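These notes concern the structure reproduced below.
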Amino acid sequence: MSIRDDLVDLIVQADADVDERSFPDRIIDAILARYAVVELPALSEPDDDGQIYTYVADLRIDTSGPGGNEVFLPGGHRISPSWLRQEAADYLAAANRAEAADVDL
């Protein structure tokens, strides 16, 4: 089942008066036209040094730093969580545009 179908089912369950899917379908279409909904992968638990690792992107979260949780890119470059979130959104927008245009890379 897709995320879209899961969201529709949740809306239908939340409103027992909705007995057909066209209304929830329109709500989900409007949401997904503007927002990317992704399932977030599980991360490792902090190791003995307070480090959390991602499994694909080779990112590291240092939970033991003096400034709180800090994210490090491959090569040791530090990035703020807000900047990383914006960069991830840029990647998702590019992927959506490429898929919409049937661009093969």
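Quick note: the coordinates plus some simple rules give every number you see, no bench work behind them. It should be emphasised that the depicted structure is a prediction, and the values quoted were computed from it without experimental measurement.
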Mean residue ellipticity at 222 nm from the helices of the chain, using -39,500 (n - 2.57) per DSSP H segment of n ≥ 4 over the full residue count, to the nearest 500 deg cm²/dmol? -14000 deg cm²/dmol
Once you have a ≥ b ≥ c as the square roots of the Cα gyration tensor eigenvalues for the range 51-100, tell me rounded if a/c is under 1.5, and otherwise prolate or oblate according to whether a/b is larger than b/c. prolate
Relative to the first principal axis of the alpha-carbon coordinates of the chain, what is the inclination of helix 3-14, with its axis defined by its Cα atoms, in degrees from 0 to 90 and to the nearest 10? 60 degrees
Tilt relative to the chain, helix 22-34 - C-alpha long axis, 0 to 90 degrees, to 10: 30 degrees
Between E99 and D29, 0.36 nm times their residue separation minus their Cα-Cα distance comes to what? 23.5 nm
Rounded to the nearest 10 degrees, what's the angle between the helix 81-100 long axis and the longest principal axis of the chain, both from Cα atoms, 0 to 90? 50 degrees
Please work out which option in (1) 17.3, 59; (2) 13.2, 43; (3) 18.8, 54 gives Rg and Dmax of the Cα atoms in Å calculated from these coordinates, and answer with its label. (3)
